[in-house]
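Down below is the structure, laid out as structure tokens.
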Amino acid sequence: MRNGPTTSKRIPIALIAIGGLALASCSDGGGAGDEPLESLDIMAPFFSPVPPAEDDPIDKALSELAGLDLSVQWVPNSDYGAKTNTVLAGDDIPDVMVIQGKDQAFVQTAEAGGFWDLSEHLASGDYPSLVTENPEVQEASSVNGKVYGVYRARDVIRHSVIIRQDWLDNLGLPLPETTADLYEIARAFTEDDPDGNGQDDTYGMINPAWGGIGNGSPYDAIEVWHGSGNLWSDEGGELVPAFTTPEWSQALQYERDLVQNGYVNPDYATMDPATWNEPFLNGEGGIIIDVQSRAAELAKLFKEQDPEGFDQYVALAGQLEGPNGTYAMPTAGYSGFLAIPRSGVQTEEQLAQVLTALNELNSTEAQNLMNHGIEGDNYTVEDGGVVFDPAKQDFTDQVTGAWAQLGMNVAGYNAHPKKQETEFDAALYQLRLDLQAEDLPNAVYNPAAGVVSPTYTTSGAQLDTIIADARIQYIAGQIDEAGLQAAIDTWRSSGGDDVIQEVNELL
């Protein structure tokens, strides 16, 4: 790794985590650690077939914007977790690391002093492009009240209800606004011959097999719409797991009724998520609860099947009002963050350099470079939208598969939108934006997202499986309310009560 004109001896980050005095001793005496940075060493994942080369034009353009020579160590995404752990234990430490999640190794290193706490620096306003437009998301990305990285923003509102428009038209039904409306549409799509073929060959909702809890499944959405909370619920100043609330039980009864009445695909417990589109396209099922981008994906597939009438099949409704109020299920709002190790960036002056560079990498110009490429080369802007050159597709794939991984966009995404192919595509895209704005005020954030429970860090997967399995068993009619409560009791005795205690103490 390069660090200016001289070679700087880096301290293994593990030693900083153990000692804390190591950093101070290294910074004393005016060594290389006191010198300004002339390059910015970054470690990041890539998804493209090959990573950018040293002479990549995006690298050059971003380096000019940042005011530092970017030197990116690209790691295949499939190897990134293992590489992160190796780097944290070694002495070849970059100035900036993409951290993909708050796993045990990162949390322990950060809380022991191995990464800069950026809380006050980001709040200062000195770096306006790093001031978040969504404080709830920054809090969710933090670790027990401290911000150890600039998060990589993602759409907060993504979920919607995707419905066969032609089936609604055939039955004279409007788009749903409530969970009761959705239930009635699921019934009608199952029982009232929505395709008009005279056969009993359709059902309402399409659900794939989906393990875990709180990870964006249709079940999670329905439970939030019923007012259960998002993984955790604030009950009089104390956080309790959402699955212990009466609203969660009410939502599960709703889901159970859908299944027991045959309003959901029969293979909901085993269906491969990769085949989720097929029943919708083939006219077997008519409702999907998922991210809005799936609606555009389905519209494109219908375009291949029916180029003339493709715009008659896909409708999109926002998140639904439940029996207890109006609640929208948000995403986490981020996908990892860019963290700054203290062994690579050793002084406040160097930290200011790095944050200044990251501030520039959040500019509109940088966003266009990271997400699209080079205007006039692999893309042009027509009527305000990006049109890619098919002859430069390999380069475009490399930009979106690698450089986009450095995109943070915490103060907003201002890059050019992609040009839509048809009026229908443009209207669907605008509808997605409108629904996001409409549902955002009702977003139910996870109040414990910024808290890292030691017990959950080590045992969370096993604990989640207990509840996820019991949920499916209850919906399927394999267990009753007593069996569901028994599973919750097992969760408590298997470490769940410790998680509740730790979360509330940390808050």
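Read-outs throughout are calculated quantities, based only on the coordinates presented, and are distinct from any laboratory measurement. Treat the numbers as computed from the prediction; the structure is a model and nothing was measured. We place every Cβ from the backbone using ideal geometry, glycine too, and count neighbours over all the protein chains shown.
In straight-distance terms, cross-link reach from K102 covers every one of the lysines whose alpha-carbon lies under 23 Å from its own, apart from those fewer than eight places away in the same chain; here that gives K83, K146. Residues D181, D220, arranged from fewest to most other Cβ atoms within 10 angstrom of their Cβ, appear as D181, D220. Report the net charge of residues surrounding Q436, where surrounding means a beta-carbon distance below 9 angstrom and charges are Lys +1, Arg +1, Asp -1, Glu -1. Its environment carries a net charge of -2. Specify whether the C-alpha gyration tensor of the chain places it in the rounded, prolate or oblate class, a ≥ b ≥ c being the square roots of the eigenvalues: rounded for a/c under 1.5, otherwise prolate if a/b is larger than b/c and oblate if not. Oblate shape, in that a/c is at least 1.5 and b/c is the bigger or equal ratio. Cross-link reach is defined here as a Cα-Cα straight distance under 22 Å, omitting same-chain residues fewer than 8 places apart; for K419 the lysines meeting it are K300, K303, K392. If R0 is 41 Å, the Cβ-Cβ spacing of S119 and L433 corresponds to a FRET efficiency of close to 0.85. Relative contact order, whole percent, for the chain stands at 24, derived from Cα pairs under 8 Å and 6 or more residues apart. Amide H to amide H, with H built 1.01 Å from N, K418 comes under 5 Å of V386, counting only residues 5 or more places away or on other chains.
In terms of surrounding Cβ atoms within a 10 Å radius of their Cβ, E278, E360 rank from fewest to most as E278, E360.
Between the range 151-223 and the range 111-150, how many Å separate their Cα centres? If you average the Cα positions of each part, the centres end up 38 Å apart. Remark: L433, L361, L298, L173 ranked as L433, L173, L298, L361, counting other beta-carbon atoms within 10 Å and listing the fewest first. Counting only DSSP beta bridges whose two residues both lie in the chain, roughly 60 percent are antiparallel. Ordering of 117-124, 421-428 by packing is 117-124, 421-428, highest average first (other Cβ atoms within 10 Å, averaged per residue). Under 5 Å between amide hydrogens, built in the peptide plane, is the criterion, and for I479 it picks out Y474 among residues at least 5 positions away or on other chains.
Charged side chains reduced to their Cβ positions (Lys and Arg at +1, Asp and Glu at -1) give the chain a dipole of some 1200 debye around its Cα centre. Between the listed residues V444, I185, L431, the Cα displaced farthest toward the positive end of the dipole of the chain, a dipole computed from Cβ unit charges relative to the Cα centre, is found at V444.
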